[in-house]
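The next block holds one structure in the form of structure tokens; read it before the comments.
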Amino acid sequence: MSRYDVLIVGAGHGGAQAAIALRQNKFQGSLALIGDEPELPYERPPLSKEYLSGEKPFERLLIRPAAFWKERQVTMLTGRTVASVDPGGCCVTTADGETIAYRALIWATGGKARRITCDGHHLAGVHTVRTRADVDAVMRELPETGQVAVIGGGFIGLEAAAVLAKLGKHVTVLEAQDRVLARVAGEPLSRFFEAEHRAHGVTIRTAVQVECIEGGKRVAGVRLAGGEVIAAQMAIVGIGIEPAVGPLLEAGARGGNGVLVDAQCRTSLPDIYAIGDCTLHANPHAGDRMIRLESVQNANDQATVAAQTICGVEASYDAVPWFWSNQYDLKLQTVGISAGHDQTVVRGDPATRSFSVIYLAAGRVIALDCVNSVRDYVQGRRLVAEAARHDPARLADAETPLKELV
Ligand code: FAD
């Protein structure tokens, strides 16, 4: 049986950063990363952006080159799935039956793309966008595809729609809610992005229910409740993820929609930490509500905290959340968590394609969405960190730099 001082399960953003941070904190023990994808850790955000568009080759997505891991003596066990965890015996077992022992385990498994379950979900041409393999499959089929139905108007669906529209495809976004980005942003931002997509030739359909995907062997269209059929040779399903926590919960870890961790990223099981998309944590920037964040920031910052804790360095996870999304020539940068806001302030004119939406709860700034407005994003961070209280009229005045309000 092989044995490592620290075993990291999941070779994505969080897993890679945990290994990097352990070595940065002078951790000298044996260290391995085990991941079910065949690749070395790579950046996921470009999958729906520059990788899908063909602007960035895969080699430029690698978080670190192969030599980096070798030099730092990080053993890469790629292409292997952890099927079970034995917290009493301090070991995991892979789907192939290999048992690997650990002194500390970091669970960094992210999530699997949620699949659509309606009739036709299995047809050729139905895709999700979570892994390189997913996107390679999309790209292989693009030359034969003229019309694409994107199911789900969240960030990933909209980013894919933007790229595909630029590639000349006829794209229809199908969203069940009455606006896109409803789960993550306020109405002014949703309406802005809807208008942008329409201006680029994308059809945005909100408040629609997908009944089934039609076709023989391959997708021919998406049927909506009511009978209308949207013709498409490809369906991209972007309806969120399911945290990959099965083995950990079966081993007795507390959790549900994610594995529960404390501010040091410890699970309820001894010597088992968890980080990234798969964790449920009390976030101080969400009023200590238990949330699961899906962002590179959260994966990296939790990874650093877990690594420091293992190294005996005092650390606590309280980072201000941030996120970005690129669509067309628009760069959206988000800071804070807007869920729970009771007021929105639009700062600047969306018609100029450079503006911000500021979110307040009980008079305090809790988040900003900044479109092509790096200055607001940089200066607004402090307002979120300090949960600043300000007159909405002053916040709305784009002539007053936000730093003057800090
Ligand atoms: P992941 O990076 O998903 O890594 C988890 C790894 O563990 C995966 O390789 C998975 O296959 C593997 N794994 C799962 N179960 C097992 C198992 N049992 N055994 C072994 N291995 C396992 N975030 C942003 O902040 N900005 C963006 O613009 C942005 N764009 C995105 C675009 C796309 C298309 C996607 C998919 C995500 C995007 N995200 C973005 C989200 C961001 O990529 C994730 O939040 C981040 O990857 C989370 O890191 P993680 O380490 O928790 O999980």
Read through the list (1) more than 24 Å from residue 13 (Cβ to Cβ); (2) among the β-branched types (Val, Ile, Thr); (3) under 18 Å from the mean Cα position of the chain (by Cα), then give the number of the only condition that residue 275 fails.
-> (1)
Six or more apart or on different chains, Cβ under 8 Å: which pairs go from a residue in the stretch 259-277 that's outside any loop (DSSP other than H, G, I, E, B) to one that's polar (S, T, N, Q) and surrounded by fewer than 19 Cβ atoms within 10 Å (Cβ to Cβ)? Could you list them?
-> 260/268; 273/264
In this structure, is residue 172 surrounded by fewer than 23 Cβ atoms within 10 Å (Cβ to Cβ) and not in a loop (DSSP other than H, G, I, E, B)?
-> yes
Find the strands (runs of 3 or more DSSP E) located wholly in the stretch 309-366 whose residues include 2 or more that are open to solvent by 20 Å² or more (accessible area, probe 1.4 Å), and list them.
-> 322-327, 330-336, 343-347
Within the group 80, 72, 60, which residue is basic (Lys, Arg), at pLDDT 95 or above and closer than 19 Å to residue 245 by Cβ?
-> 80
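Table: residues versus (1) more than 27 Å from residue 103 (Cβ to Cβ); (2) open to solvent by 40 Å² or more (accessible area, probe 1.4 Å); (3) within 13 Å of the ligand (Cβ to nearest atom).
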position	(1), (2), (3)
22	no, no, no
25	no, yes, no
28	no, yes, no
36	no, yes, yes
43	yes, yes, yes
50	yes, yes, yes
54	yes, yes, no
Just one listed residue, out of 126, 148, is crowded, with 24+ Cβ neighbours inside 10 Å and closer than 17 Å to residue 231 by Cβ, and it is 148
Among the residues of the stretch 198-215, is any away from the ligand (no atom under 16 Å from the Cβ), basic (Lys, Arg) and over 26 Å from the mean Cα position of the chain (by Cα)?
-> no
What is the residue count in the stretch 139-169 for residues that are under 19 Å from the mean Cα position of the chain (by Cα) and assigned to a helix (DSSP H, G or I)?
-> 9
For the stretch 290-329, the count of residues that are within 10 Å of the ligand (Cβ to nearest atom) and small (Gly, Ala, Ser) equals 4
Every listed condition ((1) over 20 Å from residue 312 (Cα atoms); (2) within 14 Å of the ligand (Cβ to nearest atom); (3) touching a Ser or Thr at 6+ places or on another chain (Cβ under 8 Å)) holds for residue 32 save (1)
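The values are calculated or read from the model by the stated rules, or taken from the named source; none is laboratory data. Bear in mind that the values here come from a model prediction, so they are computed numbers and not experimental data. Heads up, the Cβs are rebuilt from the backbone with ideal geometry, glycines too, and the neighbour counts pull from every protein chain shown. Heavy atoms of the whole protein, side chains included, go into the accessibility calculation; ligands, DNA and RNA do not. Shrake-Rupley method; radii C 1.70, N 1.55, O 1.52, S 1.80 Å.
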